[in-house]
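This report refers to the structure that appears directly beneath it.
The values are calculated or read from the model by the stated rules, or taken from the named source; none is laboratory data. For clarity, every value in this text was computed on a predicted model and none was experimentally measured. Here Cβ is always computed from backbone atoms with ideal geometry, including for glycine, and neighbour counts include all displayed protein chains. Ligands, DNA and RNA are excluded from the accessible area calculation, which covers all protein heavy atoms including side chains. Shrake-Rupley method; radii C 1.70, N 1.55, O 1.52, S 1.80 Å.
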Amino acid sequence: MDIHRQTAVAAVTVAAALICAAAPAAAPAARPTAAPRFRFRLAPPIAHPNPTAVPALPNGSGTEFRTVDVPGAYGTLVDGVNDGGVVVGAYFTDQGAKSFGFIEQGKYLTRFNYPGTSGVTSPDGINDLGTSVGTYTDATGTYHGWIRSAEGKFRPFNDPKAASGEGLGTLPEGINDRGMIVGFYVDQNNLAHGFVYDPKSGFKTLDDPGAGTGSGGGTVLVSINNSGVIAGTYVDTSGVYHGLVYSQGSFFNFDAPGAGSGSGQGTIPYGITRDGVISGWTLHGNNE
């Protein structure tokens, strides 16, 4: 199972969505029968075959775009940005076959590999302290997590429940300023399990009750804000993606308007801000 790579590819081809979600005021005693109300704000597609058909952003909106390209790279993928505008991501040397990490801070660009490796490093998130997280793959194709300090020091980061083998392992996706990390691990049955790591208490598995339990299903947590509210996605028994928010001990699920309901379609959140604004993608019924 490789939801990590599936969602990265989807970012280039599908429409983006912003979902405004307020965290619940108090933890309910039991799983709620209905999710909280969400307000959706759909953005134009990232890439559109007919650009003239995409409505322009309103004048005076204050929106500013900045292109990030690592010099000499075949392609560059931005995976995270902190409140200071520091960008973390991966760049590729030849059609994505080899992946290297980078951090861009203003005029300064740092390229890196996980120590002892070359071409198998994929950063995924960075906090306001400059600490980043990501993965590398070993010779067997197993994913291993890592944490990189702002000073460039690495340490391994692996969920003890993760399995070894092609496409299996530990994949951290996001980190907040308290050092709490979210992501997922893949077990020996090719099933994804969400996890949250607290420096004070260690790893905790978080599986959405609606997630499928067969090969290719499961829960993927992608981002955590400084209040501890988590965003992610789960794949149900039919292979459909659904958005999730985890807050104060409870899961809340949602589907963006227009999201497809077939296998490989649905709602895929990618990040959450300090104010609870969730960004992500929708895969529609026509697989766009």
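Listing for the model above:
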item: Segment 152-258, relative contact order in percent, only Cα pairs under 8 angstrom and at least six apart counted; result: 18 percent
item: Net charge contributed by nearby residues that have their C-beta within less than 13 Å of Tyr234 (K/R +1, D/E -1); result: -4
item: Solvent exposure, largest accessible area first (probe 1.4 Å, DNA, RNA and ligands not counted), of Phe195, Phe100; result: Phe100, Phe195
item: Highest-first arrangement of 134-142, 267-275, where packing means the average Cβ count within 10 Å; result: 267-275, 134-142
item: Segment 246-288 versus segment 174-238: alpha-carbon centroid distance in Å; result: 14 Å
item: Cβ-derived FRET efficiency at R0 45 Å, Gln248 paired with Asn113, nearest 0.05; result: 0.70
item: 15 Å cut-off, amide nitrogen to a point 7 angstrom out along Thr205 Cα→Cβ, residues in segment 219-246; result: 219-221
item: Extension gain from Ala139 to Ser263, taking 0.36 nm per residue of separation minus the Cα-Cα distance; result: 41.5 nm
item: Prolate/oblate/rounded label for segment 194-288 (Cα gyration tensor, a/c 1.5); result: oblate
item: In order through segment 157-165: 3J(HN,Hα) via Karplus (6.51 cos²θ - 1.76 cosθ + 1.60), integer Hz, x for Gly, Pro; result: 8, 9, 5, x, 8, 5, 9, 10, x
item: Derived scalar couplings ³J(HN,Hα) [segment 211-228; Karplus, 6.51 cos²θ - 1.76 cosθ + 1.60; whole Hz; x for Gly, Pro]; result: 6, x, 10, x, 3, x, x, x, 10, 10, 9, 10, 7, 9, 8, 6, 8, x
item: For Asn189, distant residues with modelled amide H under 5 Å away; result: none
item: Rg followed by Dmax, in Å, when segment 107-150 is reduced to its Cα trace; result: 11.2, 37
item: J(HN,Hα) series, segment 268-283, from Karplus relation 6.51 cos²θ - 1.76 cosθ + 1.60, nearest Hz, glycine and proline x; result: 10, x, 10, x, 9, 8, 4, 8, x, 7, 9, 10, x, 10, 10, 9
item: Segment 72-200 - percent relative contact order, Cα under 8 Å, separation 6 or more; result: 15 percent
item: Å² per residue, accessible surface of segment 131-288 at 1.4 Å; result: 38 Å²
